[in-house]
Amino acid sequence: MQKYIKRFLIFIILSSIIFLLAIISILWTYSNKLPDYKYLKNYKPPVSSKLYSGSGVLVSDFSSEKRIFVPYEAISQTVINAFLSAEDKNFFDHPGVDAKGVVRAIKNNIFNIIYSKRLEGASTITQQVAKNFLLTNEVSIDRKIKEAILAFRIERVLSKKRILELYLNQIYLGEGSYGIASASLRYFNKPISELNYGEAALLAALPKAPSKYNPYKNNKLAKFRRNLVLDNLLDNKFINNIQHTKLSNSEIKLQKRKRIYLEDSRYYVEDVRKKVIETYGFDKVYKQGFNIKTPLNLKLQKIATDSLRNGLQKFDKRKGWRGPLSNKKKHKNWKKDLSKFHLEKSIGWELAVINNIGKFETVVETQNGSDGIINFNDIDWTRKEFKKLFKRGDIIYVKKISEGNYSLKQLPKANGGIVVMDPYSGRVLALSGGFSFKKSEFNRASQAKRQPGSAFKPFIYALALENNFLPTTLVLDAPIVLDQGNDLKMWKPENYGKKFYGPSTLRTGIEKSRNLMTVRIAQEIGIDKIVNFSKKLNIYENPDELMSVSLGSAETTLLKITSAYCSFLNGGKLINPILIDRIQDSQGKTIFNNEKRYCENCDTISYDGTSNPIVKSKYQQIFSPQTAYQITSMLKGVIERGTGRGLKNLKLELAGKTGTTNKNTDTWFIGFTSNLVVGVYIGYDSPRSLGKFETGSKTAMPVFKEFIMKTANTYNARPFKVADNIKMMVIDAKTGKKANSKTKLAIIESFKVKNSELNRQSNNFDSRFNTTNILKFY
């Protein structure tokens, strides 16, 4: 008997040694293949960069994984308890691997294998950290062994709080959300500090299968899983029976975060995104959590976008009906097959199918199943009857105008852009580059290079005023033929309407947008000065040195020329468009600042109230403040008597200039109040004529008008500030002479006063403007 006992003991000892050696061998083998886990000590997960409006509202974020990092100290105990109950109740007690959990899992899995059920895991939170950060999702014994070894090692290097912090910020919780903070906003639109146990339990239920338990897609299954977590919370004594009963019986209440302004500002946001990536690189922008502050004014952006869309629709309606998008017969399930036609929700259009066609109304069914009618009065713009417009099954755009009543809509073929700027700083307050970002991401405000046409003329007149011309200088408006050089045809410019008006004042030339006068002024100034002037103002880069440049034949963008117009308001200073005010890194350190102003005496100023800070700007002076005001006064005349008189009925202090290119291909209107500059462009993406009578005043100016009507009033559209060294005089608008009793139209004109003349008597000043002293340029 002793002999058998001795052999048995020897067998046990040898088996133990062999098992121990096997374990050591396995550990040795796998230890050499394990990734470096020590970097987790200082690891920072990828964090999305946030873009904010001028008032601090979150507009967008840039990320490959939508995540908001929160330190352990900022995570509520409610959330921690929920996740511990769902994933690892012994987390603060085990060394990385939960032996009790492993035994329990082995026991349960025996029955799971017998009954062909899904196998149960026993991974601790530490093991999940090892898997998520250092390993793959491969289901194998090989990975499990590595996971366990890494878990032991991680526990020796990191504190329990740090491990939990990594886990809660890294896990995927569905709906594109990584980490608890992002998921809390996605599902409940609230910070994690405000979550109750029911909400925290739902988040804790998601890591097992985020898609399966997604409450937006499978509410009943999500509630079942949430209640399992609540059961665990009760077992672990984190909640009492009363709380458990109340929470278990409650329905899941979801609230998506409202992003009402995102769709309207997509063109603006995309320009900012491209600029930041160009400067700092994709990885930094998408992983290092920049805070990007922009000048974006969400209220103005909404109005600008709506004004542009309305203007494009009005133009498109003048071109008539082009036909339906498709027909129901071409699609097995038209409600699901037409995603390519979906537009932004802010546009308010729906897809609908024609079900019945009558003489005075048509019955439609929208994509969401609502029935309604289109009344005959709504289709007068098509200039057709219902039966000539539609066939049964046609798919169209409609917009709900009242209960059961819909309006027929059509996606405009032409497109355009609008820019709203602060003229004193260059901050872009609103920008839209098209009717729909979903249909076309091409930005017609910042990317489309087009001829500005007559919208460029004010800069020719400003250069003339800088070269001793007066607003009353007479210039001949008559036919002219110019030789443009070798291998180029003779150029014969014409006025719009092909009429000629003889000698006219400089002011009249800009108010009536006279091409022939502008060319003669350009001849006198010289094309080299014009080209250099346009480059200084950043309108053109390298335009051809041809006289046609004076009529806006070179190409520029709406953003550039709108920026140049700011110089008329700010006293002749060059400003560049600013889409980004400031960028801070994830630690709050400012890494970019677009502030161009500085305090000259702040280092020496006393704070006893006896002295004030002197704030100056770093903007370059391009032309004199006097010239800037004179052009502003002339552009105000465009509204009162010229091509912009369609705005006169607004009875506001406005100035601006229309622009129309050859064959009415591109149309523009750049206008301003005393504190805003607004630029509008309308045209086809593939340049072609908009139509015989489609000028800047008919297509682009109505967009400006709608925007101004919704934003400006007599308070914020104040009289334009008169520059120093300017003297006013009443003159005859037609002759440019001093007004008298025979004058039919008298206007107040502004003239520059040289410093040496400031102290002269008024009668000496007035003598400069007799007939012989007025420059007549023929």
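Observations, loosely collected:
- Computed over protein heavy atoms with a 1.4 Å probe, the accessible surface of the chain works out to 51 Å² per residue.
- Given charges at beta-carbon only (K, R positive; D, E negative), |dipole| of the stretch 504-585 in Debye: 380
- Kirkwood hydrodynamic radius (C-alpha pairs) into Stokes-Einstein, the chain, 25 °C and 0.890 mPa s, D in µm²/s: 76
- Modelled label positions at VAL615 and TYR684, each set 7 Å beyond Cα in the direction of Cβ, lie 4.8 nm from each other.
- Across the alpha-carbon atoms of the stretch 351-414, the computed radius of gyration and Dmax are 10.8, 31 angstrom.
- For the stretch 376-528, the spherically averaged projection of the C-alpha convex hull amounts to 16.7 nm².
- Against the main long axis of the alpha-carbon atoms of the chain, helix 99-114 sits at an angle near 90°.
- Degrees between helix 125-134 axis and first principal axis of the chain (Cα, 0 to 90, nearest 10): 50
- Counted over all Cα-Cα pairs of the stretch 590-650, pairs farther apart than 17 Å make up 67 percent.
- Share of pairwise Cα separations in the stretch 391-466, more than 16 Å, in percent: 72
- Dimensions in Å of the stretch 150-299 - Rg and Dmax from alpha carbons: 19.3, 57
- Taking the C-alpha atoms only, the angle from helix 77-87 to the longest principal axis of the chain is near 50 degrees.
- Within the chain, the longest run free of GluC sites (Glu not before Pro) that sit in a DSSP loop with at most 10 other Cβ atoms within 10 Å is 404-778.
- Angstrom value of the Kirkwood radius, inverse mean 1/r, which spans all Cα pairs in the stretch 282-362: 17.4
- Equivalent-ellipsoid semi-axes for the stretch 566-694 (Cα gyration tensor, √(5λ), whole Å, largest first): 39, 22, 12.
- Selection from SER48, ILE68, THR78 lying farthest towards where the dipole of the stretch 43-105 points positive, charges on Cβ: SER48
- Pairs beyond 30 Å (Cα-Cα), from LYS399/LYS651; LYS44/LYS618; LYS190/LYS284; LYS391/LYS413; LYS208/LYS332: LYS399/LYS651; LYS44/LYS618; LYS208/LYS332
- Cα-centred dipole magnitude for the chain, charges only on beta-carbon of K, R (+1) and D, E (-1), debye, nearest 20: 1860
- Extension gain, SER211-LYS284: 0.36 nm per intervening residue step, less the Cα-Cα distance, totals 23.4 nm.
- Within the chain, CYS566 have no other Cys Cβ under 4.7 Å of their Cβ and so lack a disulfide-compatible partner by this rule.
- Evaluated on the stretch 512-562, the Kirkwood hydrodynamic radius is 11.3 Å, with distances taken between all distinct Cα atoms.
- Kirkwood hydrodynamic radius of the stretch 521-632, from inverse mean 1/r over distinct Cα pairs, in Å: 17.1
- Taking each of LYS498/LYS560; LYS536/LYS596; LYS409/LYS439; LYS512/LYS744; LYS314/LYS400 in turn, the alpha-carbon distance tops 20 angstrom for LYS498/LYS560.
- Solvent-accessible area of MET728, all protein chains in place: 80 Å² (probe radius 1.4 Å, heavy atoms, ligands and nucleic acids excluded).
- Once the chain from ARG597 to LYS438 is taken as fully extended at 0.36 nm per residue, the excess over their C-alpha distance is 53.4 nm.
- Extension gain, LEU58 to GLN587: 0.36 nm times the residue separation minus the Cα-Cα distance gives 188.6 nm.
- Share of carbon and sulfur in the accessible heavy-atom surface of the chain [1.4 Å probe, %]: 52
- Inter-label distance, nm, simple model (7 Å from Cα along the C-beta direction), ASN196/LYS330: 5.2
- The candidates LYS409, LYS498, arranged from most to least accessible area with a 1.4 Å probe in the full protein assembly, appear as LYS498, LYS409.
- Charge-dipole axis of the chain as Lys and Arg at +1 and Asp and Glu at -1 on Cβ define it, positive-most pick from LEU652, ASN443, PRO95: ASN443
- Lys/Arg +1, Asp/Glu -1 at C-beta; the chain dipole; positive extreme among THR382, MET728, SER159: THR382
- Evaluated at q = 0.21, 0.30 Å⁻¹, the base-10 log of the normalised Debye intensity for the stretch 327-379, with identical point scatterers placed on the Cα atoms, takes the values -0.87, -1.20.
- Nitroxide proxy distance, nm - points 7 Å out along Cα→Cβ at LYS387 and GLU270: 4.4
The values are calculated or read from the model by the stated rules, or taken from the named source; none is laboratory data. Values in this document were obtained by computation on a predicted structure and should not be read as measured data. In this analysis, Cβ positions are derived from the backbone assuming ideal geometry, glycine residues included, and neighbour counts consider all displayed protein chains. Remember, those area values only see protein heavy atoms, side chains included, never the ligands or the DNA or RNA. Shrake-Rupley method; radii C 1.70, N 1.55, O 1.52, S 1.80 Å.
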